[in-house]
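One structure, as structure tokens, below. Some questions next.
The values are calculated or read from the model by the stated rules, or taken from the named source; none is laboratory data. In this text, all values refer to a predicted model and were calculated from it rather than measured experimentally. Quick reminder, even Gly has a Cβ in these numbers, built from the backbone with ideal geometry, and neighbours come from all protein chains shown.
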Amino acid sequence: MGTAERISRKAIRFANGAVNFCVLIAVLLLLSFGGYALWDYGQVYHAAGAEHYATYKPTNANGDLSFQDLKAVNKDVVSWLTVYGTHIDYPVVQGENNLKYINTDAKGRYSLSGAIFLDTGCSPDFSDFNSIVYGHHMENTVMFGEIGMFSDKGYFDAREYGSLYFDGKEHGLEFFAFVHADAYDESVYRIKISGQAAEQAYLDLLSQIATNIRSEVQVTPDDRIVMLSTCSANSTNGRDILIGKITDTVHDDPFATEKTDNTKATPTIKALPGVLAQIPVTARVIIAGSLSLLILLAIVLTYKSKKRRSRKNGGAPSGGKGDK
């Protein structure tokens, strides 16, 4: 074997080793990133759960004092919103602009899930004819993830009421319409509407475009309405809006005896098919890590096996001239 041939074979073995090493690193990086993404996904959804604010709810045993504790943490807290029959049971904040609480939670901390917030142009005491409240559309029944479900008539019909706490008093909410609109539709996304004629025209518009409506609920310009708005899963710029009127009567929650504890909800990723979508995020991270180790072990064993064969064959690859 000539010097040139030996150098050539060494170069090939080195190149093969380098390629294997690069592939290994790439696989490990991809699996590690995937595992971290699943873990981070779970953390985001866990942090968005309503249970993290339950102790501040003004209607609990501590009354208004607990709510004032939350306001002491974040002065932007203005009210508390509850939609019966859903996991929507959150404080509502209002920032100096409508961007602040996109990625800031109700305690004023950075959070990808943000907070449920009142449009910055609306009166914080809900004295305007219409008030718009925004929240992220998230899966797993957190934030405003359930608003889109009101597009189903049966779901809409079964959930008539909610409550809104502000100005030291709990008020009722009576939901009368569900609307699907475009985010840039200024005829829908209007605030500070004033005058009987303009207010009635706005109510007529909502009635015309509503996909679900409770016609027996009488709403007039003398009422105050609240619009709960979130992104729609059905279109890029689509928005789902649940609309209710504020009432002095606070209805009992007919779903109060049902278990709606967010702490028992396991985040799932709907894009994952079948059984995999039911696996808890933590378990997926463990599975991803285990697969990474198995792949690493397989690559190492394969590399060692090739190396032993190479030595046995005098340094030549199996099937090469060194076998002769």
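Here are some conditions: (1) in contact with a helix residue (DSSP H, G or I) (Cβ under 6 Å, 6 or more places away or on another chain); (2) at pLDDT below 65. TYR36 meets all but one. Which one does it not meet?
With (1) in contact with a helix residue (DSSP H, G or I) (Cβ under 6 Å, 6 or more places away or on another chain); (2) at pLDDT below 65 applied to TYR36, the lone miss is (1).
Another one. Among the residues in the range 155-171, are any on the phi > 0 side of the Ramachandran plot, in contact (Cβ under 8 Å) with a residue 12 or more places away in the chain and under 24 Å from the mean Cα position of the chain (by Cα)?
Checked the range 155-171: no residue is on the phi > 0 side of the Ramachandran plot, in contact (Cβ under 8 Å) with a residue 12 or more places away in the chain and under 24 Å from the mean Cα position of the chain (by Cα).
Could we say that GLY162 is under 16 Å from MET227 (Cβ atoms) and either outside any strand (DSSP E or B) or assigned by TED's automatic domain parsing to the domain that holds ASP125 (or both) here?
For GLY162, the condition - under 16 Å from MET227 (Cβ atoms) and either outside any strand (DSSP E or B) or assigned by TED's automatic domain parsing to the domain that holds ASP125 (or both) - is met.
Starting from residues that are under 17 Å from LYS57 (Cβ atoms) and among the hydrophobic types (A, V, I, L, M, F, W, C), keep the ones in the range 134-176 and report whichever is modelled with the lowest pLDDT.
Top of the filtered list is VAL142.
Give me a count of the residues in the range 105-131 that are outside any loop (DSSP other than H, G, I, E, B) and at pLDDT 95 or above.
5
Mind counting the residues in the range 165-189 that are part of a loop (DSSP other than H, G, I, E, B) and closer than 29 Å to ASP248 by Cβ? Walk me through it before giving the result.
Looking only at the range 165-189, we keep the residues that are part of a loop (DSSP other than H, G, I, E, B), and these are 167-168, 183-189.
When the remaining residues are screened for being closer than 29 Å to ASP248 by Cβ, the result is 167-168, 188-189.
Residues meeting the conditions: 4.
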